[in-house]
Amino acid sequence: MLREELTRWVGDVDAFRTDHWRSGPAVFRPGAAGPSEPLTLDEIDAALAGGLLRTPHVELARAGDPVHSATYTRPRTVSGVTGPGYADPDRIRSLLAEGATLVLRNVEHWHPRTRALTTRLQDELGRRVEAFHFVTPPGAQGLDLHRDDADVLLLQVTGSKRWTVHGGPTGDADWAPGAVADAGPALLETTLRAGEVLYIPRAFAHRAVGGEGLSSHVSLTIREVGARELFRALQHLLLDGLRLPARPLDDAALQTAGEQLLRRFRQRLPDLSAADLLAFARDAQRAEGDVPGLGASPGIAALAERLAAGASE
């Protein structure tokens, strides 16, 4: 099993899996061997100034509430077609200075180096990985105490942030992500500084407040499937390739369709295992998050060079 990227974040992978994975929060200080900076503040400035970032990739929050997008975005008109929600960098910087938190969602969609990072971790973990970047002023809190439907590995990039992590839901498989009123006693209280890594298990409630300097950190969310994804996997594995009439016209035709379904179930169910369902569901979830074409081809410049070389022959 490949472990190179995960090792950069947590050090000893075996110890991480045994002592912390899905069981408790932990802080890692990997030092020079740690993960490289996936997205810099200069790159964030450049992306905002580029004019193409828009909601929901760009959002702001303050004291647990989302900031209305009209206060930091504006419409753009291209060839007579007006589209809303484009990031206004001047307004965003003003709101940051006033205590708002900048949230960049799914950075892997538009930042190739971050995409390469999430792809490496996906390959190592066998799960879908997404990247979110947070920029928070000193003393500010963007989100209230909440639970995420994902394991989280986060890297402090600049400044510092004070984290409080509580336990997960107890004995309730029907818990939901989102704000939490009471999560019980804190399991971990720590100030994360540049280069340090925090692991928060799935569904463990947490909150954070900006510390000294402008805090920026990247959160890698490691997604997990649920009952809905397992059900979809079962449907696919049982029914793939089976063709039934969409609207049988009479009882006899309906009965025939039902018999075909039952026959297929009897044929395939004995060879299916829970591990098959889980593997297929995770692969399908990863495929849903793929960004078509990002880094998949040599690019337009390479095409121009190839055409120029052909013309000179």
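Given Cα pairs under 8 Å that are at least 6 residues apart, what percent is the relative contact order of the chain?
Contact order relative to length: 19 percent.
Stretch Ala227-Asp182 to full length: gain in nm at 0.36 nm per residue minus the Cα-Cα span?
13.6 nm
With springs only between Cα atoms under 10 Å apart, run a GNM on the chain and tell me which of Arg74, Arg162, Arg223 wobbles the most.
So, out of Arg74, Arg162, Arg223, the one fluctuating most is Arg74.
Quick one: net charge around Glu124, please, counting Lys, Arg +1 and Asp, Glu -1 for every other residue with C-beta under 12 Å from its C-beta.
After counting each charged neighbour, the total is +2.
Counting only helical runs of four or more DSSP H residues, what would the 222 nm mean residue ellipticity of the chain come to if each run contributes -39,500 (n - 2.57) and the total is spread over all its residues?
About -10500 deg cm²/dmol.
Just want to confirm a number: the relative contact order over the range 206-313, from Cα pairs under 8 angstrom separated by 6+ residues, in percent.
Computed value for the range 206-313: 37 percent relative contact order.
Connecting C-alpha atoms closer than 10 Å in a GNM of the chain, tell me which of Gly213, Gly34, Gly299 has the biggest fluctuation.
Of the options given, Gly299 has the highest mean-square fluctuation.
Pull out a ≥ b ≥ c, the square roots of the eigenvalues of the alpha-carbon gyration tensor of the range 80-148, then state rounded if a/c is under 1.5, prolate if not and a/b is larger than b/c, and oblate in the remaining case.
oblate
Tell me, Ser216, Ser23, Ser36 in order of fewest to most beta-carbon neighbours within 10 Å?
Taking fewest neighbouring Cβ atoms as first place, the list is Ser36, Ser23, Ser216.
Output wanted: per-residue J couplings in Hz (rounded whole) for the range 154-162, from phi through Karplus 6.51 cos²θ - 1.76 cosθ + 1.60, θ = phi - 60°, x for Gly and Pro.
Karplus-based 3J(HN,Hα) across the range 154-162 equals 10, 10, 6, 9, 9, x, 8, 8, 8 Hz.
Between the alpha-carbon centers of the range 167-216 and the range 234-256, tell me the distance in whole angstrom.
47
So, in Å, what gap is there between the alpha-carbon centers of the range 1-20 and the range 139-154?
Distance between centres, Cα-based: 22 Å.
What number, in percent, do you get for the relative contact order of the range 227-288 if the mean sequence gap of Cα pairs under 8 Å and at least 6 apart is divided by its residue count?
Worked out over the range 227-288, it gives 57 percent.
Among Thr18, Thr158, Thr136, determine the one that fluctuates most according to a GNM of the chain built with springs between C-alpha atoms less than 10 Å apart.
Between Thr18, Thr158, Thr136, it is Thr18 that shows the largest mean-square fluctuation.
Work out, step by step, the length gained on full extension between Ala246 and Val81: first 0.36 nm times the residue separation, then minus their alpha carbon distance; give nm to one decimal.
Value of the extension gain: 55.4 nm.
Kirkwood hydrodynamic radius (Cα pairs, Å) of the range 227-288?
It is 13.0 Å.
Long-range amide H contacts for Thr73: which residues qualify at under 5 Å (H placed 1.01 Å from N, peptide plane, sequence gap of 5 or more or a different chain)?
Asp88
Tell me, Trp21, Trp163, Trp175 in order of fewest to most beta-carbon neighbours within 10 Å?
Arranged by neighbour count, lowest to highest, Trp21, Trp163, Trp175 become Trp175, Trp21, Trp163.
Taking amide hydrogens as modeled 1.01 Å from N in the peptide plane, which residues meet the under 5 Å criterion relative to Thr191, leaving out close sequence neighbours?
Trp163
Please give the net charge around Ala49, taking every other residue with its beta carbon less than 11 angstrom from that of Ala49, where Lys and Arg add +1 and Asp and Glu add -1.
Here the charged neighbours net out to -4.
Collect residues whose amide H, placed 1.01 Å from N in the peptide plane, falls under 5 Å from the amide H of Gly64; neighbours closer than 5 in sequence don't count.
Leu143, Asp144
Using the Karplus curve 6.51 cos²θ - 1.76 cosθ + 1.60 with θ = phi - 60°, work out ³J(HN,Hα) for each residue of the range 298-305 in order, rounded to whole Hz, and write x for Gly and Pro.
Here the 3J(HN,Hα) series is x, x, 5, 4, 5, 4, 4, 5 Hz.
Per-residue HN-Hα couplings for the range 218-227, Karplus 6.51 cos²θ - 1.76 cosθ + 1.60 at θ = phi - 60°, whole Hz, x for Gly and Pro?
10, 10, 9, 9, 9, 6, 10, 7, x, 4
Using a cut-off of 14 Å between beta-carbons, work out the net charge of the residues near Phe265 (Lys and Arg +1, Asp and Glu -1, Phe265 not included).
Every neighbour counted, the sum reads +1.
Which three extents, in whole angstrom, do the alpha-carbon atoms of the chain cover along their principal axes, largest first?
For the chain, the Cα extents along the three principal axes come out at 72, 67, 42 Å.
Values in this text are rule-based calculations from the coordinates and carry no lab data. The structure displayed is predicted, hence computed values, not measured ones. We place every Cβ from the backbone using ideal geometry, glycine too, and count neighbours over all the protein chains shown.
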